[in-house]
1. List every residue pair whose Cβ atoms lie under 6 Å apart, where the two residues are 6 or more positions apart in sequence or sit on different chains, the first residue falls within segment 200-218 and is closer than 12 Å to residue 87 by Cα, and the second residue, located anywhere, is at pLDDT below 90.
2. Just the residues that are under 25 Å from the mean Cα position of the chain (by Cα), of a type in the set (Ser, Thr, Tyr) and not in a helix (DSSP H, G or I), please, taken from segment 165-196.
3. With 313, 328, 304 as the choices, which residue is small (Gly, Ala, Ser) and in contact (Cβ under 8 Å) with a residue 60 or more places away in the chain?
4. From the list 84, 101, 96, which residue is touching a Phe, Trp or Tyr at 6+ places or on another chain (Cβ under 7 Å) and small (Gly, Ala, Ser)?
5. Could you tell me whether residue 311 is closer than 18 Å to residue 374 by Cβ, assigned to a helix (DSSP H, G or I) and at pLDDT 95 or above?
6. Please go through segment 1-20 and pick out each residue that is at pLDDT 95 or above, surrounded by fewer than 19 Cβ atoms within 10 Å (Cβ to Cβ) and among the basic types (Lys, Arg).
7. Check off (1) without any contact (Cβ under 8 Å) to a residue 12 or more places away in the chain; (2) over 29 Å from residue 264 (Cβ atoms); (3) not small (Gly, Ala, Ser) for residue 102 and give me the number that stays unchecked.
Amino acid sequence: MFRRLKNCHNVEDLRLLAKQRLPGPIFDYIDGAADDEVSYRRNTSAFEDCDLVPNVLAGVEEVDMSVTVMGQKLDMPIFCSPTALQRLFHHDGERAVARAAEKFGTMFGVSALGTVTLAEIGDMIATPKLFQFYFHKDRGLNDAMVERAQAAGFDTLALTVDTITGGNRERDLYSGFTSPPRLTLKSLLSFATHPGWALNYFLRESFELSELKDYVQQGSNVAVSIGDYFSSLLDQSMNWSDAEALRVKWGGPFCLKGIMSVADAQKAVDIGADAIMVSNHGGRQLDGSRSPFDQIAEISDAVGDKIDVILDGGIRRGTHVLKAIAAGAKACSGGRMYLYALAAAGQPGVERALQNLKIEIERDMKLLGVTRVSQLNREMLRYR
């Protein structure tokens, strides 16, 4: 079935349009996860085990869905989580997502493995910006990334803590996916059957990891899988003292991305973090790990009064956002929900994804009988 953006009414529609437009290895990089992809599927299916209990006659003509996270006011309770390699999916990459996020008044997260410079993004948008930090063995690179994010006016730094080694992403092993894409007979055939993508990739600006290319060749000039990049270049000795020192060096709102246990959430409070993202990296690291929604209540109960708790991953519907916040999250974030849209249609695609979610959240708040996000609570949830 040939799909068009105007007929994309949800994340799954955008996923199918992305699949139509991308070469197989590129699509599977977005769509795939670790091992048997159990955690990836559970990240979304967990929401199906929870029902909403609405209240009526609540006077819901005006709805305010804004939230304040890490000191930043967002016009909607979900933001664009940082993701890598975006110009592989659409030639505008991070530029498209940044502009769309600004249009909807929400935060945009930029990955250290991004393909547009932090300085350009900083000059481009005035809305909240988060920089996702990967802790490399090269301490000079680490210092440079912090300094560049500060100079570019980023509001928040998020240290990713769940990539101490690469996950077993078997779809990438089967397809031979690397960054940059390695040209083989198999990949060339896939590129040839998607000429729109191929022409943009080969004829527009050269692909590179913009903040890393001056320090490492892998990912920009030397083809490498993301799993091998994590395993070979990130510092496996990283510990809580390193995280605290990074917080001090950054000097602003600081978040840990990839917290899944109450014990670690409490340690995040102890080192002075402002927020945690409850995340299993989209199911791309440890398969069999709990889903963020399955963990959000106990983590929120333990530290929600001391630190902002963000649910990251699995979001496909507005009701998922409302369930997460009712269970204890301050806000939500997601990657695939806008990456499919980016691959499908660039900035208009991302705008479509955010607009769909905004409409759903507003409608579902009215149907639930609330006018402010702060009114969501566990009395509105029942678990099967």
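1. Qualifying pairs under 6 Å: 208/220; 209/219; 209/220.
2. Passing the criteria: 165, 178, 179.
3. On the way: 328 fails: in contact (Cβ under 8 Å) with a residue 60 or more places away in the chain; 304 fails: in contact (Cβ under 8 Å) with a residue 60 or more places away in the chain.
None of the other options fit; the residue is 313.
4. Numbers: 84 fails: touching a Phe, Trp or Tyr at 6+ places or on another chain (Cβ under 7 Å); 96 fails: touching a Phe, Trp or Tyr at 6+ places or on another chain (Cβ under 7 Å).
Exactly one of 84, 101, 96 is touching a Phe, Trp or Tyr at 6+ places or on another chain (Cβ under 7 Å) and small (Gly, Ala, Ser), namely 101.
5. Working: closer than 18 Å to residue 374 by Cβ: yes; assigned to a helix (DSSP H, G or I): no; at pLDDT 95 or above: yes.
For residue 311, the condition - closer than 18 Å to residue 374 by Cβ, assigned to a helix (DSSP H, G or I) and at pLDDT 95 or above - is not met.
6. Within segment 1-20, just 19 meets the criteria.
7. With (1) without any contact (Cβ under 8 Å) to a residue 12 or more places away in the chain; (2) over 29 Å from residue 264 (Cβ atoms); (3) not small (Gly, Ala, Ser) applied to residue 102, the lone miss is (1).
For (1) in a helix (DSSP H, G or I); (2) of a type in the set (A, V, I, L, M, F, W, C), each residue gets a yes or a no:
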residue: 343; (1), (2): yes, yes
residue: 349; (1), (2): yes, no
residue: 355; (1), (2): yes, no
residue: 367; (1), (2): yes, yes
residue: 382; (1), (2): no, no
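The values are calculated or read from the model by the stated rules, or taken from the named source; none is laboratory data. These numbers were taken from a predicted model, which means no experiment stands behind them. Note that each Cβ is placed from the backbone with ideal geometry, even for glycine, and that neighbours are counted across all protein chains shown.
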